[in-house]
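First comes the structure, then the notes that go with it.
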Amino acid sequence: MQFDLFGEAPQPKKTLDDLLSEMYAMTDDPLADAGTNVVICRGNPEAKLAIVGEAPGPQENIQGVPFVGRAGKLLDQILEAGGFDPEKDVFITNSVFRMPPGEDGKSFRKPTTPEIEAYKPYLMEIIRLVDPQILLLTGNVACQSLLGETGITRLRGAWRQVDGRWVMPIFHPSYLLRNPARTPGSPKAQMWEDVREVRRKWELLREGEK
């Protein structure tokens, strides 16, 4: 290892594995005392498309993987309908990395703003290390974390560039489960429009790499 001019060895650059190991060992994060598990990511860390969720739910807390419950299964179906392989073409992570427990200790609640802000540096570092070209923000918590905005029905479907990445807010799959009708202008119809636009952008970026 080479030394710098002051005689100290440079620190090795942190890798995604380093960061994940650090996060799985967290004991001082705001939800550590809740006793819920750290749930960070799934999919391909080399993918150019990344999806940011909100927080783990009960199934995610049990399995230790994001988007594995009903909303996760619907997300995979949506991605596959858009021509994406959820395991090869996509990297999926969260805004908050433990399930915020409800008052009964079994259900879960929406993360608070202090919780969202506390986990944000970890999310930003994950995004920096994975380095996706396209970032999809599912629901208001992800939008609050990365954009400082909420109002998903207003924000969804519109591209913006953030730190050189193409970013689009989209509905959270759990919202689609609560609004299952697929009629013109419905959330499901809008989600399909958004996924087709994401596919179009993804193809254009792939062409630009050739």
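Round to the nearest 0.05 the FRET efficiency obtained for Ile62 and Met124 when R0 = 35 Å and r is the Cβ-Cβ distance.
Numbers: r = 27 Å, r/R0 = 0.78.
For Ile62 and Met124, the calculated efficiency is 0.80.
By Kyte-Doolittle mean hydropathy of at least -0.5 and Cα axial length of at least 20 Å, which whole DSSP H helices of the chain are selected? Don't skip to the answer; put the middle values down first.
Working: long enough: 113-130 (25 Å, 0.20); 187-209 (33 Å, -1.50).
Flagged H segments are 113-130.
Could you pull out the chymotrypsin sites (Phe, Trp or Tyr not before Pro) across segment 73-174 that fall in loop regions by DSSP (anything but H, G, I, E, B) with no more than 14 other Cβ atoms inside 10 Å?
Working: sites: Phe84, Phe91, Phe97, Phe108, Tyr119, Tyr122, Trp159, Trp166, Phe171; in loops: Phe84, Phe97, Trp159, Phe171.
For chymotrypsin sites (Phe, Trp or Tyr not before Pro) across segment 73-174 that sit outside H, G, I, E and B with at most 14 neighbouring Cβ atoms in 10 Å, the list reads Trp159.
Expressed as cubic angstrom per residue, what is the convex hull volume of the alpha carbon set of segment 112-183?
Details: hull volume 7.4 nm³, N = 72.
Taking only Cα atoms, segment 112-183 has a hull volume of 102 Å³ per residue.
Name the residues whose placed amide hydrogens come within less than 5 Å of the amide hydrogen of Val90, ignoring near sequence neighbours (fewer than 5 apart) on the same chain.
When sequence neighbours closer than 5 places are left aside, the close amide H contacts are Asn44.
Out of the DSSP beta bridges found with both residues in segment 50-173, what percent are antiparallel (nearest 5)? Kindly include the intermediate steps, with their values, before the conclusion.
Working: 4 of 15 bridges.
Looking only at bridges with both residues in segment 50-173, the antiparallel portion is about 25 percent.
So if I restrict to the alpha-carbon atoms in the chain, what is the Rg, and what is Dmax, the biggest pairwise distance, in Å?
Using the Cα atoms of the chain, the pair Rg, Dmax is 18.0, 67 Å.
Which residue fluctuates most in the GNM of the chain (Cα springs below 10 Å): Gly185, Gly151, Gly82?
Residue with maximal mean-square fluctuation among Gly185, Gly151, Gly82: Gly185.
Just how far, in whole angstrom, is segment 154-210 from segment 16-51 if you go by their alpha carbon centroids?
Taking the Cα centre of segment 154-210 as reference, the centre of segment 16-51 is 25 Å away.
Tally Lys and Arg at +1 and Asp and Glu at -1 over the other residues with C-beta under 15 Å from the C-beta of Ala81: what net charge comes out? Before the final figure, lay out the partial values.
Numbers: positive: Lys73, Arg182, Lys188, Arg196, Arg199, Arg200; negative: Asp76, Glu80, Asp85, Asp89, Glu193, Asp194, Glu197.
In short, -1.
Exactly which trypsin sites (Lys or Arg not before Pro) in segment 7-83 are in a DSSP loop and have at most 16 other Cβ atoms within 10 Å? The partial results should precede the final answer.
On the way: sites: Lys13, Lys14, Arg42, Lys48, Arg70, Lys73; in loops: Lys13, Lys14, Lys48.
Passing sites in segment 7-83 are Lys13, Lys14.
5 Å is the cut-off here: which amide hydrogens, built 1.01 Å from N in the peptide plane, fall below it relative to Phe108, excluding neighbours closer than 5 in sequence?
When sequence neighbours closer than 5 places are left aside, the close amide H contacts are Gly102.
For the pair Asp131/Ala189, report the inter-label distance in nm, with labels modelled 7 Å from Cα in the Cβ direction.
Distance between the two pseudo-spin positions: 4.2 nm.
Most mobile of Asp28, Asp76, Asp194 per a Gaussian network model of the chain (Cα springs, under 10 Å)?
Highest fluctuation among the options: Asp28.
For Arg160 and Glu22, calculate 0.36 nm times their separation in residues minus their Cα-Cα distance, and state this gained length in nm to one decimal. Working shown, then result.
Numbers: separation 138, 0.36 × 138 = 49.68 nm, distance 3.11 nm.
Length gained, Arg160 through Glu22: 46.6 nm.
None of the figures in this text is laboratory data; all of them are computed from the coordinates on show. Nothing here was measured: the structure is a model prediction, and the numbers come from that model. When we count neighbours, we look across all protein chains shown, and the Cβ atoms used for this are built from the backbone with ideal geometry, even at glycine.
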